[in-house]
Each structure stands twice: as C-alpha cells, then as structure tokens.
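Each remark here refers to the structure printed beneath this line.
The values are calculated or read from the model by the stated rules, or taken from the named source; none is laboratory data. Just so we're clear, the structure is a prediction, and the values are computed from it rather than from any experiment. Reconstructed Cβ throughout: ideal geometry from the backbone, glycine too, with neighbour counts over all protein chains shown. The accessibility values were calculated without ligands, DNA or RNA, using every heavy atom of the protein model including side chains. Shrake-Rupley method; radii C 1.70, N 1.55, O 1.52, S 1.80 Å.
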Amino acid sequence: MFNDIGALELVTLVVLAVLVFGPDKLPKVIQDVTRTIRKIREFSDSAKQDIRQELGPEFKDFEFEDLNPKTFIRKQLDNDELGLKEIRNGFDLKKEMAEVTDAVHGRDAEASSSASSSSGSSPAASSSGSGGGRIDMSKKPEQPAADDRPPFDADAT
C-alpha cells in the first residue's frame with residue numbers, strides 16, 4: 001500500500017504527526033486509525049463474501065481484482081487459447097521497417113529482399129523486386145525550362 005513512500009517522507013510524516021497531535025495524544029490517534037482501518041477491511045471482506053455467496057458455485061473462481069480493467073486485459077492476453085503469441089511472433093517489424101527504409105531511400109531492394117528471403121520474405125517484398133522497373137520515390141525539385149514562367153498564384157500577390 002505504501003510502497004512508493006521513501007524514508008525521508010516517512011520521517012516527515014512522523015514529525016508532522018507529532019507536531020499536530022502532540023506526543024501525549026499521538027498513541028491514541030494511532031490506535032483510532034488502526035481500529036478504523038481494521039473495521040473497513042472487515043466490512044470489505046464480509047461484503048466480498050456475501051457477493052460470492054449470492055453469485056453461487058458457478059463463480060467460485062471469481063476474483064474481485066479481475067474487475068480492474070488492466071488486470072482483466074492482462075489476464076485475457078496471457079491466456080494463449082486465442083493464439084495471440086503466434087500472431088505476435090509472426091510480425092518481424094525490424095525486417096518490415098528495413099524494407100520500407102530501403103524503398104524510401106532508393107536503395108537496392110533486391111539485396112535486402114534476397115537477404116530476407118532465407119528467413120521467409122513477405123509476398124510484397126518479392127513482388128517489388130520482380131516488377132523489373134523501379135519507382136523513384138525521392139523528391140527532386142523540377143527544373144523549369146528556360147522559356148517557362150512560374151505558375152501564377154493570385155493569393156500570393
């Protein structure tokens with residue numbers, strides 16, 4: 001519960017409690033707080049037990065911690081009945097990103113696809129190398145001819 005409180009913060013809280021309540025009232029305040037926490041825990045446990053009894057034997061493995069969305073999703077994703085681990089392992093993002101980078105920079109796609117073909121390349125990578133022609137995706141400024149005028153832009157004037 002207090003896993004993120006450091007030693008300095010704990011000492012600060014103790015000193016603040018001594019200053020606020022005084023050394024003579026502090027033991028009584030600590031007893032009252034612990035008694036209140038104990039009553040809240042007992043009430044919570046009895047409420048959980050009542051809910052489990054009302055739900056019946058079908059929900060005997062029901063845990064209230066599963067109601068937390070993060071816990072529920074983590075538990076469902078760890079369950080390998082859906083085969084999600086196989087799907088997740090089927091994606092090789094480094095290889096896909098290298099192919100995209102090679103295509104954008106205009107590098108030789110055949111060299112990268114032949115290196116990845118031994119590990120089972122994707123159909124898109126093999127079809128891009130077999131097309132014969134290459135598409136130049138680099139941006140080059142077009143040089144206007146000597147007698148061409150730049151286009152007229154009415155909004156710019």
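Computed quantities for the displayed model
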read-out	value
Helices (runs of 4 or more DSSP H) (entirely within the stretch 36-112) containing at least 1 residues that are among the charged types (D, E, K, R) and at pLDDT 75 or above	69-78, 93-105
Qualifying positions in the stretch 41-69 - among the hydrophobic types (A, V, I, L, M, F, W, C), surrounded by 10 or more Cβ atoms within 10 Å (Cβ to Cβ) and within 35 Å of the chain's Cα centre (by Cα)	A47, I51, L55, F59, F62, F64
Of the criteria (1) closer than 30 Å to L67 by Cα; (2) open to solvent by less than 90 Å² (accessible area, probe 1.4 Å), which one N3 fails	(2)
Neighbours by Cβ (under 6 Å, 6+ apart or cross-chain): first from the stretch 55-76, among the hydrophobic types (A, V, I, L, M, F, W, C); second at pLDDT below 80	F72/D66
Test for E9: is it closer than 26 Å to K75 by Cβ and out of contact with any strand residue (DSSP E or B) (no Cβ under 6 Å at 6 or more places or on another chain)	no
Cross-chain or 6+ apart pairs with Cβ under 8 Å, the stretch 1-29 first and closer than 23 Å to R41 by Cα, then surrounded by 10 or more Cβ atoms within 10 Å (Cβ to Cβ) and of a type in the set (G, A, S)	L26/A17; V29/A17
